[in-house]
Amino acid sequence: MKKILSFALMATMALSVSAAKKKAPAKNANKPVFTVVKENPITSVKDQNRSGTCWDYSTLSFFEAEILKATGKTYDLCESFVANKTYMERAIQVVRYHGDCQFAQGGSAEDVLATLKTHGICPEGAMPFPGSLYGDSLNNFNEFFSVLEPYVAAVAKSSAKKLSGAWKNGLQGILDSYLGKCPEKFTYEGKEYTPKTFAASLGLNLDDYVSITSYTHHPFYTTFAVEVQDNWRFPQSYNLPMDEMMKVIDYAVEQGYTIAWGGDVSEQGFTRQGLAYAIDTKKTESLAGSDMARWLKLTAEKRRSLIDSLGYKVPEIVPTQEMRQERFDNWELTDDHGMLIYGVAKDQAGKEYYMVKNSWGESGAYKGIWYMTKNFIAANTMDFLINKNAIPAEIRKKLGL
């Protein structure tokens with residue numbers, strides 16, 4: 001009886017293993033196989049979790065890479081410090097405008113640069129770990145902003161003829177409760193610092209950083225504030241033709257620099273598996289004999305699945321300056337995410353991609369790294385922050401830098 005049971009058990013296990021093998025998904029022959037062309041040093045991948053702070057994470061990651069390049073030292077700079085200072089300053093602006101501008105979680109690279117210049121910075125660990133003050137293991141701004149936004153709106157839309165300064169104390173209390181209080185002094189590696197002296201010790205020249213963009217509604221080789229709501233400080237960006245904007249990115253990576261990139265990842269070619277393509281939907285729709293002929297009828301989830309299945313064979317558009325402008329003017333090209341460009345790789349067909357560090361933890365097929373084609377970046381860049389020394393000499397001369 002025991003032998004019969006043993007044989008039965010073995011047979012059941014064999015059938016289970018056989019069934020598991022049959023259910024294993026087939027390998028995708030179109031999955032890109034990447035070869036690194038150039039990869040610059042970066043710090044570890046972080047997780048912004050449930051917070052609209054990509055601008056904070058990506059730009060601090062950029063400055064961490066700048067420090068690494070300049071000094072060889074690795075730092076983990078504190079996103080909560082930047083968020084605390086930025087949300088107070090943004091609230092002050094909203095109140096000054098009587099609520100006729102946006103208060104939101106989002107921001108721009110300029111917010112981080114402005115914080116470093118005005119307030120300094122502290123390392124991670126000098127403030128409470130993100131989420132820890134309200135019992136979470138990472139940022140979760142759902143409750144935080146459900147308290148913060150109405151507070152700012154109530155002050156900004158107040159019917160009072162004169163405001164007292166007390167509202168700032170209340171707002172600071174909310175910020176400190178959810179983000180932690182910004183330290184006046186702290187000790188790092190045995191030495192005492194203030195945020196300003198710590199920032200001064202990092203080996204950065206904060207006057208070296210400029211913003212680049214590319215649109216035709218302003219003259220090329222001049223500066224303007226890109227007209228998006230989270231650009232609330234109105235920083236000036238240098239306006240370049242698209243081909244020169246891309247030349248700046250390529251040259252910077254080649255010279256060992258990284259780029260704090262801001263742009264549109266809501267496009268259907270940006271997948272959650274760590275890839276981004278500038279999808280040519282017309283060519284994709286017309287692929288004979290495939291499900292892609294029904295492209296426009298598919299759900300967003302099924303479209304992403306089919307894009308993943310096509311892999312490196314996805315048809316792409318070739319972006320133009322006119323296309324960028326049209327998409328910006330009709331609200332199709334939006335400012336919704338910040339990431340860090342730090343390298344170049346190519347797939348098995350020779351197509352080149354930028355290697356881009358995200359702030360969604362080790363998600364996707366490449367553990368927090370995205371491979372974004374050069375066409376995708378050309379089509380979907382809003383603006384980016386860069387060290388002016390990473391700009392080719394002939395372009396710097398045109399910009400007067």
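The values are calculated or read from the model by the stated rules, or taken from the named source; none is laboratory data. This is a predicted model, so every value here is computed, not measured. Note that we place each Cβ from the backbone using ideal geometry, even for glycine, and neighbour counts take in every protein chain shown. For accessibility, only protein heavy atoms count, side chains too; no ligands or nucleic acids. Shrake-Rupley method; radii C 1.70, N 1.55, O 1.52, S 1.80 Å.
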| query | Out of all the residues in the stretch 100-109, is one or more touching a strand residue (DSSP E or B) at 6+ places or on another chain (Cβ under 8 Å), within 29 Å of residue 249 (Cβ to Cβ) and not in a loop (DSSP other than H, G, I, E, B)? | reply | yes
| Any idea which residue in the stretch 331-347 is nearest to residue 369 (Cα to Cα), counting only those that are part of a loop (DSSP other than H, G, I, E, B) and open to solvent by 80 Å² or more (accessible area, probe 1.4 Å)? | 332
| Within the stretch 138-185, can you find the residues that are among the aliphatic types (A, V, I, L, M), under 29 Å from residue 199 (Cβ atoms) and modelled with pLDDT under 95? | 138
| query | Hey, does the stretch 146-153 have a residue that's open to solvent by less than 80 Å² (accessible area, probe 1.4 Å), over 25 Å from the mean Cα position of the chain (by Cα) and in contact (Cβ under 8 Å) with a residue 40 or more places away in the chain? | reply | yes
| field | the stretch 58-94, subset open to solvent by 10 Å² or more (accessible area, probe 1.4 Å) and not in a helix (DSSP H, G or I), residue farthest from residue 138 (Cα to Cα) | value | 72
| remark: Within the stretch 244-285, residues being open to solvent by 30 Å² or more (accessible area, probe 1.4 Å) and without any contact (Cβ under 8 Å) to a residue 60 or more places away in the chain number 5
| said: Quick check on the stretch 190-228: of everything there that is closer than 29 Å to residue 333 by Cα and either among the charged types (D, E, K, R) or in contact with a His (Cβ under 8 Å, 6 or more places away or on another chain) (or both), which residue is most open to solvent (accessible area, probe 1.4 Å)? | reply: 227
| note | Residue pairs within 7 Å by beta carbon, gap of at least six or interchain, first lying in the stretch 312-325 and under 14 Å from residue 220 (Cβ atoms), second open to solvent by less than 50 Å² (accessible area, probe 1.4 Å), listed first then second, are 321/241; 321/242; 324/214; 324/215; 324/242; 324/333; 324/379; 325/215
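Inside the stretch 366-394, can you point out the residues that are outside any loop (DSSP other than H, G, I, E, B) and within 14 Å of residue 257 (Cβ to Cβ)?
Scanning the stretch 366-394 gives 384, 385, 386, 387, 388, 389, 390.
Here's the yes/no breakdown for (1) touching a strand residue (DSSP E or B) at 6+ places or on another chain (Cβ under 8 Å); (2) assigned to a strand (DSSP E or B); (3) under 14 Å from residue 262 (Cα atoms):
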residue: 308; (1), (2), (3): yes, no, no
residue: 319; (1), (2), (3): no, no, no
residue: 323; (1), (2), (3): no, no, no
residue: 326; (1), (2), (3): no, no, no
residue: 350; (1), (2), (3): no, no, no
residue: 353; (1), (2), (3): yes, yes, no
residue: 364; (1), (2), (3): yes, no, no
residue: 401; (1), (2), (3): yes, no, no
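Only one of 391, 369, 395, 386 is of a type outside the set (Asp, Glu) and open to solvent by 10 Å² or more (accessible area, probe 1.4 Å). Can you tell me which? Break it down into steps so the answer makes sense when it comes.
Working: 391 fails: open to solvent by 10 Å² or more (accessible area, probe 1.4 Å); 395 fails: open to solvent by 10 Å² or more (accessible area, probe 1.4 Å); 386 fails: open to solvent by 10 Å² or more (accessible area, probe 1.4 Å).
Result: 369 is the single residue among 391, 369, 395, 386 that is of a type outside the set (Asp, Glu) and open to solvent by 10 Å² or more (accessible area, probe 1.4 Å).
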| residue 116 within 23 Å of the chain's Cα centre (by Cα) and either part of a helix (DSSP H, G or I) or surrounded by fewer than 21 Cβ atoms within 10 Å (Cβ to Cβ) (or both) | yes
| Could you list, in sequence order, the residues of the stretch 196-208 that are assigned to a helix (DSSP H, G or I) and not polar (S, T, N, Q)? | 196, 198, 199, 200, 206, 207, 208
| Test result for residue 293, of a type outside the set (Asp, Glu) and at pLDDT 85 or above | no
| task | Return yes when residue 124 is open to solvent by 20 Å² or more (accessible area, probe 1.4 Å), closer than 14 Å to residue 232 by Cα, modelled with pLDDT of 95 or more and of a type in the set (Asp, Glu) and no when it is not. | result | no
